[in-house]
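Engineer: Got a structure for you, written out below as structure tokens; questions coming shortly.
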Amino acid sequence: MEINKVLITDAVDQACVNLLKENGIDVSCRYNLTKEELLEEISDYHGLIVRSDTKVTAAVLAAGLKLKVVGRAGAGVDNIDVQEATKRRIAVLNTPGGNAVSACELTCTLITTLARNVVQGAASLKAGRWDRKLYSGHEICGKVLGIIGLGRIGREVAIRMQAWGMKTVGYDPIVSAEEAKKFNVQFLELEEIWPIVDYITVHTPLIPETAKMINSKVLAKCKKGVKIINVARGGIVDEEALLKAIEDGRCGGAGIDVFEQEPPTSPVTLKLIQNPKVVATPHLGASTSEAQVRVAVEVAEQFIALAKRNPKYTS
Ligand code: MLT
């Protein structure tokens, strides 16, 4: 396949550029392009590599007259119009494994941080207050964690939080109860999960079946004080419903790394981020040096394999 010229439009680790160049592929890095600039630029390239900032819309794919492949240095491909790409016979590649440990570690960090009011306590001390009583938390040990999505990340979260003494229950439409048992997760139906869990963490892609999956109806079925973690994709948790549940005390707090719109601009999302019970981070799940090198190398290797038609990667 002819892949001689590749455009990278989001900050991907230099390892990707180096590897592509070492294999004779010409690479241009153009970050922060406007929609119009991208439409103009793309016409000259055989390959496009993105993270989550670039929206690879039908218009971008149509403008990519020579485009053969779009690669996502990350797991989710929701910023790429895959249907349109398929129609145009443009391959879409991702790197599902490279980020798993990093996304898992941020999830675990948010769980433990929420339990002990670490962020709120630290901010209050920096502001010159000494509020020991206000920031008293609870132990993680003995609490029940509901994991929705038992793929790579969900499993890694289960294993680590079990070491903290959490009981782990979970659901995934394509994982069996026997499989879940192998990593000590009790498989339950969603309706069985909601009333028994202290924490819910979602690790699914954003697809029609998971959009606003954590909504007001679900939150109403949960124990009072349940805490919600989303390091997966904005839109899986209904932000308006979550904010309302936090404000009325049904939900005890949330750790949110991803948003319905990024960067967030809607008043509801901004209010959610500002809520003292919310620990919000700017889509940092995959932002570690290790994960970035891994996904950069993985995406480059797949491009090279395609260029060389290596059956190890293209079969
Ligand atoms: C992913 O889908 O793996 C992450 O969202 C990647 C990223 O941070 O860009």
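The values are calculated or read from the model by the stated rules, or taken from the named source; none is laboratory data. Computed from a predicted model, the values in this text were never measured in an experiment. In this analysis, Cβ positions are derived from the backbone assuming ideal geometry, glycine residues included, and neighbour counts consider all displayed protein chains. Protein only, heavy atoms only, side chains kept; ligands, DNA and RNA dropped before computing areas. Shrake-Rupley method; radii C 1.70, N 1.55, O 1.52, S 1.80 Å.
Engineer: Counting only residues that are open to solvent by 10 Å² or more (accessible area, probe 1.4 Å), give me the strands (runs of 3 or more DSSP E) lying completely in the stretch 6-100 with at least 3 of them.
Structural biologist: So the answer is 26-29, 91-93.
Engineer: Is there any pair linking a residue in the stretch 214-228 that is β-branched (Val, Ile, Thr) to one that is part of a helix (DSSP H, G or I) and surrounded by 14 or more Cβ atoms within 10 Å (Cβ to Cβ), with Cβ under 6 Å and at least six apart or on different chains, and which?
Structural biologist: Note: pairs meeting the criteria are VAL218/TRP194.
Engineer: Right, next: Please work out which one of (1) of a type in the set (D, E, K, R); (2) more than 16 Å from the ligand (Cβ to nearest atom); (3) under 23 Å from the mean Cα position of the chain (by Cα) is the condition GLU105 fails and give its number.
Structural biologist: It is condition (2) that GLU105 fails.
Engineer: Same structure, new question: Looking only at the stretch 210-221, which residues are open to solvent by less than 70 Å² (accessible area, probe 1.4 Å) and either closer than 13 Å to GLY253 by Cα or not hydrophobic (A, V, I, L, M, F, W, C) (or both)?
Structural biologist: Correct list: THR210, ASN215, LEU219.
Engineer: Given GLY249, GLY253, GLY234, which one is more than 16 Å from the ligand (Cβ to nearest atom), assigned to a loop (DSSP other than H, G, I, E, B) and not aliphatic (A, V, I, L, M)?
Structural biologist: GLY249
Engineer: Please find, among LYS271, LYS308, the residue that is farther than 26 Å from CYS104 by Cβ, away from the ligand (no atom under 16 Å from the Cβ) and either among the aliphatic types (A, V, I, L, M) or modelled with pLDDT under 95 (or both).
Structural biologist: LYS308
Engineer: Let me ask something else. Considering only residues that are open to solvent by less than 40 Å² (accessible area, probe 1.4 Å), part of a helix (DSSP H, G or I) and closer than 30 Å to ILE90 by Cβ, which ones fall in the stretch 265-301?
Structural biologist: ALA291, GLN292, VAL295, ALA296, VAL299, ALA300
Engineer: Sort out which residues of the stretch 171-203 are under 15 Å from LEU219 (Cβ atoms) and in contact (Cβ under 8 Å) with a residue 40 or more places away in the chain, and write them in order of number.
Structural biologist: Matches in the stretch 171-203: LEU190, ILE193, TRP194, ILE196, VAL197, ASP198, TYR199, ILE200, THR201, VAL202.
Engineer: When you go through (1) surrounded by fewer than 20 Cβ atoms within 10 Å (Cβ to Cβ); (2) polar (S, T, N, Q); (3) in a helix (DSSP H, G or I) one by one for THR107, which number turns out not to apply?
Structural biologist: Status for THR107: all satisfied but (1).
Engineer: Taking the stretch 16-63 on its own, how many of its residues are more than 28 Å from PHE259 (Cβ to Cβ) and touching a strand residue (DSSP E or B) at 6+ places or on another chain (Cβ under 8 Å)?
Structural biologist: Count: 11.
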